[in-house]
Every structure is written in structure tokens, then in C-alpha cells.
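Chemist: Structure in C-alpha cells, see below.
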Amino acid sequence: MSPLNPPARMAGRCALATIAIAALTACGTLPPGQGLNQVSALTAERIGQPLPATANETDQHALAQVTKDILSKPISADDAVRLAVLNSPTLRSSYASVGIAQADLMQAGRLSNPSLTFQRTRAGAQVEIERSLGFNLVNLLTAPLARRIETGRFEQTRLLVASQVIAHAAQTRSAYYSALAARQEAQYARQVSDSAGAGAELAMQMNKVGNMSGRELAREQAFAAEARAALLKAELQANTAREALTVLMGLSGADAGYLLPERLPELPDRVDDLGEIEQLAVNQRLDVRAATVEAEQTATSLGLVKRTRLVNVLDLAYVNNSATGQPSAPGYAITLEL
């Protein structure tokens with residue numbers, strides 16, 4: 001058997017290299033939903049609430065049932081956080097960004113599609129055919145670095161989304177206690193207003209029979225008016241606080257008629273000593289970790305720019321030309337763009 005000519009050997013080596021790198025990049029792909037699973041692990045560790053499954057209509061129906069079960073009784077602070085994680089439109093858009101970042105990462109681990117060229121010309125009885133199959137060498141050589149960049153972006157997105165979920169949960173918990181406190185304050189204001197109104201009515205009766213002066217009557221009536229104004233203000237604050245909580249939990253329609261406990265929970269007997277709480281908070285802040293990843297990603301991107309600043313396109317193609325009555329002429333072509 002005669003040895004292969006140089007163009008054929010080069011084409012064979014390029015094909016083997018392509019297959020090898022394609023196999024290596026395929027090994028680094030992530031299963032679908034892996035990004036959200038990692039974010040869910042981070043949120044569950046910090047707020048005790050994993051992310052919901054939002055993949056299909058069945059899951060949506062299950063989430064609606066979970067929401068209905070939670071709202072069947074007065075909700076607690078943990079229930080409010082769970083509803084916020086389940087239903088918040090803001091968080092749902094963030095969940096989608098994790099899937100997009102994972103798709104970009106998987107795409108970075110794949111080779112670009114090869115280019116196929118076919119040309120047929122005819123001059124009388126003479127027919128010439130030119131065929132070529134090529135691929136981008138720059139994409140092939142920079143694939144590991146590009147994957148590192150997308151891995152950094154995926155990590156940054158994952159941390160930022162988890163940080164957003166945690167911040168939203170903290171905001172929801174704070175809004176829950178604010179709504180409960182405002183509601184309880186409005187109840188106290190109503191009791192004061194009712195008592196002041198009853199006192200003003202009694203003062204009016206006593207004034208009619210001469211047992212109270214007009215000055216004292218005016219004072220009782222002024223106090224009743226002030227108590228009524230304070231009640232209206234407290235009710236407005238309670239409605240505003242409840243609406244803010246409703247928005248954070250992503251509820252609307254009939255679900256907005258949820259029940260709250262009658263009063264705030266009792267204060268704990270003592271406060272636990274958390275030690276180096278400030279240092280612990282800094283070490284566990286996901287936004288700080290995301291900023292660190294972003295700095296590393298910028299450095300990696302700069303390395304890719306330096307490598308491709310002179311040569312942006314470098315295509316290698318296997319060519320096979322044939323003509324009527326002539327043997328085929330294999331070879332190769334290189335396309336270089338500066």
C-alpha cells in the first residue's frame with residue numbers, strides 16, 4: 001500500500017485533532033438544571049428555602065397548590081419567605097438568567113460548525129468540481145480559554161442570583177414583621193379612637209345636664225378627633241405595609257386576601273452571642289464572591305483578547321478538485337484574516 005501524500009496526512013491529523021478536542025469538551029458539559037440546583041443549595045443553606053421547580057406546566061400546577069396550602073391559614077415569616085421564593089416575578093426572571101448562563105457555558109465547550117464548499121463549473125464537455133471541508137483553527141485553539149471565561153460568567157451569575165434570592169428573602173421577612181406591627185398598631189389606634197369617642201359622647205351628655213364645662217367638653221372632643229386622625233393614619237400605614245409584603249410575595253387576586261397573625265411573636269428571653277458576626281457575614285457574602293469571580297474573569301478575557309488581537313480568523317480546509325478525464329487533486333487551503 002502506498003503511503004499517504006502530505007495533504008492527505010495533514011487532513012487526517014486535523015480530523016483526529018478535531019475529534020479529540022470535541023470529545024474533551026463534551027466531557028465538560030453540565031446536565032440540564034444543574035445551575036439552578038447549585039443556586040438552590042446556596043439559598044437553602046442560608047434562608048432555609050430551596051428554589052422551586054419551574055420547568056413545566058405540572059410544576060406550575062404544583063406550585064399553585066403549594067401556595068394555596070400555605071394561604072389556608074395565617075402565614076408565618078417563614079411562609080412569607082417561601083411564597084416570595086415561589087412566586088416573585090423578579091426572582092423568576094433571575095432563575096432564567098442562570099439557565100442562559102449555563103447554555104452559554106455549554107456552547108463555549110463545543111466546536112464551531114465546519115464549513116463545506118462545493119463548486120461545479122462546465123466549459124463545453126469539460127466539467128470541473130471543487131470540494132472543501134474546513135474549520136476554524138482559532139476557535140479550536142482558544143476553546144479551553146473561552147470555556148474558562150464562560151465558566152467564570154456562569155459562576156458569577158450563579159452567585160449573583162443566589163445573592164438576589166437571599167436579599168429578597170431578607171426584605172420579605174422584614175416587610176412581614178413591618179406589616180404585622182403596622183396591623184397591630186392600627187388595632188391599638190382603633191381601641192384608643194373608640195375609647196376617645198365614647199369619652200367625648202359621655203362628656204357631651206354631662207355637659208347637657210351641667211356636670212361638665214364647655215371647656216372640658218371641647219378638650220374631650222379634640223382628643224377624640226386626634227385619636228380618629230391617628231387611627232386613619234395607622235390604617236393607611238397598615239395597608240401600605242401589607243401591600244408591600246403582597247408585592248414581595250408575588251401574590252395577586254384572591255391570594256392577596258391572606259391572613260396574618262393577630263400579634264407579633266414574643267421577644268426571645270435572651271440574644272445568642274454570635275461572636276465574630278461581622279467577619280462571618282463578610283466571608284459568606286455571595287456578592288463579594290461574585291465580584292472576585294468577575295475580576296478573575298476580566299483577567300481571563302484580557303488574555304483571550306491578547307491571543308487573538310492579530311489573528312482573528314484562521315481556517316484550515318481539506319480541498320479535493322477534480323476535472324473530466326483528470327485524476328482528483330487533493331490538497332488543503334488556509335484562510336487567514338488579520
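Yes/no matrix, rows are residues, columns are (1) of a type in the set (S, T, N, Q); (2) surrounded by fewer than 17 Cβ atoms within 10 Å (Cβ to Cβ); (3) modelled with pLDDT under 80:
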residue	(1), (2), (3)
Pro7	no, yes, yes
Ala11	no, no, yes
Leu24	no, yes, yes
Glu45	no, yes, yes
Thr67	yes, no, no
Ile70	no, no, no
Ala80	no, no, no
Leu86	no, no, no
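Chemist: Of (1) under 41 Å from the mean Cα position of the chain (by Cα); (2) touching a residue at least 40 places away in the same chain (Cβ under 8 Å), Leu232 satisfies all except one. Which?
Modeler: It fails just one condition, (2).
Chemist: On the basis of being modelled with pLDDT of 55 or more and in contact with a Ser or Thr (Cβ under 6 Å, 6 or more places away or on another chain), does Pro50 make the cut? Walk me through it before giving the result.
Modeler: On the way: modelled with pLDDT of 55 or more: yes; in contact with a Ser or Thr (Cβ under 6 Å, 6 or more places away or on another chain): yes.
Taking the combined requirement at face value, the residue satisfies it.
Chemist: Here is a follow-up. Within the group Ala123, Ala108, Ala167, which residue is open to solvent by 50 Å² or more (accessible area, probe 1.4 Å), of a type outside the set (Phe, Trp, Tyr) and modelled with pLDDT under 85? So that I can check it myself, show each step before the final result.
Modeler: On the way: Ala108 fails: open to solvent by 50 Å² or more (accessible area, probe 1.4 Å); Ala167 fails: modelled with pLDDT under 85.
From the options Ala123, Ala108, Ala167, the qualifying one is Ala123.
Residue-by-condition table, conditions (1) under 58 Å from the mean Cα position of the chain (by Cα); (2) assigned to a loop (DSSP other than H, G, I, E, B); (3) of a type outside the set (Ser, Thr, Tyr):
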site: His168; (1), (2), (3): yes, no, yes
site: Ser174; (1), (2), (3): yes, no, no
site: Ser178; (1), (2), (3): yes, no, no
site: Arg183; (1), (2), (3): yes, no, yes
site: Arg190; (1), (2), (3): yes, no, yes
site: Ser193; (1), (2), (3): yes, no, no
site: Gly199; (1), (2), (3): yes, no, yes
site: Leu202; (1), (2), (3): no, no, yes
site: Gly210; (1), (2), (3): no, yes, yes
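Chemist: Suppose we filter Gly253, Gly303 for residues that are at pLDDT below 90 and open to solvent by 60 Å² or more (accessible area, probe 1.4 Å); which single one remains?
Modeler: Numbers: Gly303 fails: open to solvent by 60 Å² or more (accessible area, probe 1.4 Å).
On inspection, the qualifying residue turns out to be Gly253.
Chemist: What are the residues in the range 196-243 that are open to solvent by 50 Å² or more (accessible area, probe 1.4 Å) and within 30 Å of Ala64 (Cβ to Cβ), if any?
Modeler: Once the filter is applied, which keeps residues that are open to solvent by 50 Å² or more (accessible area, probe 1.4 Å) and within 30 Å of Ala64 (Cβ to Cβ), the range 196-243 yields Asn239, Thr240, Arg242, Glu243.
The values are calculated or read from the model by the stated rules, or taken from the named source; none is laboratory data. Small disclaimer: the values here were computed from a predicted structure and weren't measured. When we count neighbours, we look across all protein chains shown, and the Cβ atoms used for this are built from the backbone with ideal geometry, even at glycine. Note: areas computed on protein heavy atoms with side chains; ligands, DNA, RNA excluded. Shrake-Rupley method; radii C 1.70, N 1.55, O 1.52, S 1.80 Å.
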